[in-house]
Every structure is written in C-alpha cells, then in structure tokens.
Amino acid sequence: AAGVIQSPRHLIKEKRETATLKCYPIPRHDTVYWYQQGPGQDPQFLISFYEKMQSDKGSIPDRFSAQQFSDYHSELNMSSLELGDSALYFCASSLGGSQPQHFGDGTRLSIL
Amino acid sequence: GQQLNQSPQSMFIQEGEDVSMNCTSSSIFNTWLWYKQDPGEGPVLLIALYKAGELTSNGRLTAQFGITRKDSFLNISASIPSDVGIYFCAGLAGGTSYGKLTFGQGTILTVHP
C-alpha cells in the first residue's frame with residue numbers, strides 16, 4: 001500500500017539558510033501533520049492542515065511556515081535556520097482529523 | 001499542556017518473554033494509538049483504540065483503552081528479536097486539539113536472543 005512520502009530524506013544546511021521539506025500524503029488522505037523529533041525525544045506537533053486550511057498549530061517557530069496544496073501535498077518552509085533546528089521532521093497524514101495518523105520516514109535536517 | 005507519562009523508559013528482555021508497557025495522563029483522550037519506531041524511520045502504527053474499555057489485538061500485540069480514558073497499556077507476547085525498537089503511545093484529544101497527537105516519552109525495547 002502507498003505510504004506517506006517525504007523528501008528529501010537528508011538535508012544539510014548552514015545557519016541562517018532556508019530549507020523546504022515536502023510531504024506527499026497517502027492517496028485520499030485530506031489531513032497532513034508536521035512533527036519535529038529531537039534526538040532521544042518523542043515527536044512534537046508543529047502544525048496541521050485539513051482540506052488545505054490550517055487546522056491546528058503547536059510549538060512551531062515563527063521562522064517556519066507551511067501550507068497544503070490543491071493536490072494535498074504539503075511543504076514546510078524553514079528560514080533563518082539555527083543549530084537547534086537540527087532534528088528529524090516527520091509528516092503524517094490521515095483521513096480526517098479523528099482517524100489514525102500514518103507517518104512518513106522523515107527528513108533528517110542537520111544545521112552546520 | 002497535555003502530557004503522557006509512559007513507562008518503563010527501557011526494557012531488556014530475553015527472547016520469548018512477554019512485555020508490558022503503559023501510558024497515563026491527567027487529561028482525557030478520545031483515541032489512544034501505539035506506534036513502533038525503528039532507528040532512522042518514522043513511527044509505524046501498531047494498534048488504534050477508540051472506546052473506553054476497548055481491548056484490541058494485532059498478532060502478538062494486545063492493547064487496552066482505560067476505562068477512565070486517561071490510560072492505556074500495550075502487551076507483547078512471546079517477544080522476538082525484531083520486536084526491538086522504541087514504542088510510543090499517543091493520544092488524540094479532540095475538541096480544540098483536533099488531530100494533534102500527544103506522544104509519550106517512549107519505551108526502548110531490547111530483546112536478547
């Protein structure tokens with residue numbers, strides 16, 4: 001079965017640069033979520049979209065923004081990158097907000 | 001904010017043993033989920049629980065949604081080496097937190113052959 005696709009899998013950036021992470025949800029899933037996972041930590045919710053509208057917002061820095069497009073894929077845009085932004089970034093998708101979320105394999109972002 | 005307390009933090013067991021881990025919360029959740037995460041990969045959904053008191057099995061895995069809606073446990077029977085990984089509970093509150101998952105801190109499982 002098709003899963004959540006994230007790209008790139010690995011990304012290396014320097015401080016103050018920008019990065020764009022992409023997420024392609026499971027076909028027919030209308031809701032996407034972004035999570036950040038630091039080393040040895042549990043995933044922390046950043047933001048979610050339902051039918052291309054922002055549905056919930058967590059501890060997402062103002063330097064980050066995201067959107068969901070008409071084909072339901074989503075992009076997380078990160079600017080003025082800091083060393084502390086180094087983490088695994090996961091996208092998940094579901095059919096509506098009350099159904100289980102299925103995760104992609106993540107993007108490992110390293111800031112030098 | 002909402003928090004999930006997951007225990008134990010880590011477990012070292014022999015192949016063939018049974019394993020039990022649990023999560024508790026001070027808040028009510030409408031859905032409880034259990035995920036397994038392998039290094040460098042995303043969490044994989046193991047079991048979803050939707051009703052208080054619900055007991056659900058998936059092969060050697062059994063999970064229950066607590067009656068108070070504030071806790072859940074996961075049991076793994078007859079563990080095998082490929083059970084190694086990090087297990088996370090996650091709760092879905094609903095209401096204004098529609099769709100947002102709150103995760104427990106994870107249980108690191110090591111299985112010795």
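Every number in this text was worked out from the coordinates using simple rules, so none of it is lab data. A quick note: this is a predicted structure, and the numbers were derived from the prediction, not measured. A quick note on method: Cβ atoms are made from the backbone with ideal geometry, for glycine too, and the neighbour counts reach across all protein chains shown.
Kindly check whether there is at least one residue in the stretch B:63-73 that is more than 8 Å from chain A (Cβ to nearest Cβ), in contact with a Lys or Arg (Cβ under 8 Å, 6 or more places away or on another chain) and part of a strand (DSSP E or B).
Checked the stretch B:63-73: at least one residue is more than 8 Å from chain A (Cβ to nearest Cβ), in contact with a Lys or Arg (Cβ under 8 Å, 6 or more places away or on another chain) and part of a strand (DSSP E or B).
Hey, among A:Gly106, A:Gly97, A:Gly38, A:Gly58, which residue is out of contact with any Leu (no Cβ under 6 Å at 6 or more places or on another chain) and within 9 Å of chain B (Cβ to nearest Cβ)?
A:Gly97
Working carefully through the options B:Leu49, B:Leu74, B:Leu55, find the one that is more than 15 Å from B:Gly104 (Cβ to Cβ) and out of contact with any Pro (no Cβ under 7 Å at 6 or more places or on another chain).
One residue alone meets the criteria, B:Leu55.
Here are the criteria: (1) more than 14 Å from the chain's Cα centre (by Cα); (2) among the β-branched types (Val, Ile, Thr); (3) facing chain B (nearest Cβ under 8 Å). Tell me which single one A:Ile111 does not satisfy.
Going through (1) more than 14 Å from the chain's Cα centre (by Cα); (2) among the β-branched types (Val, Ile, Thr); (3) facing chain B (nearest Cβ under 8 Å) one by one, A:Ile111 breaks only (3).
In this structure, is B:Phe88 among the hydrophobic types (A, V, I, L, M, F, W, C), within 14 Å of chain A (Cβ to nearest Cβ) and assigned to a strand (DSSP E or B)?
In short, yes.
Among what's in the stretch B:19-55 and is away from chain A (no Cβ under 12 Å) and not in a loop (DSSP other than H, G, I, E, B), pick the residue that is surrounded by the fewest Cβ atoms within 10 Å (Cβ to Cβ).
B:Leu55
Restricting to the stretch B:48-62, name every residue that is among the aliphatic types (A, V, I, L, M) and either under 21 Å from B:Asp83 (Cα atoms) or within 14 Å of the chain's Cα centre (by Cα) (or both).
Passing the criteria: B:Ala48, B:Leu49, B:Leu55, B:Leu61.
Within the stretch A:14-51, take every residue that is assigned to a loop (DSSP other than H, G, I, E, B) and in contact with an Asp or Glu (Cβ under 9 Å, 6 or more places away or on another chain) and give me the one that is surrounded by the most Cβ atoms within 10 Å (Cβ to Cβ).
Within the stretch A:14-51, the match that is surrounded by the most Cβ atoms within 10 Å (Cβ to Cβ) is A:Asp30.
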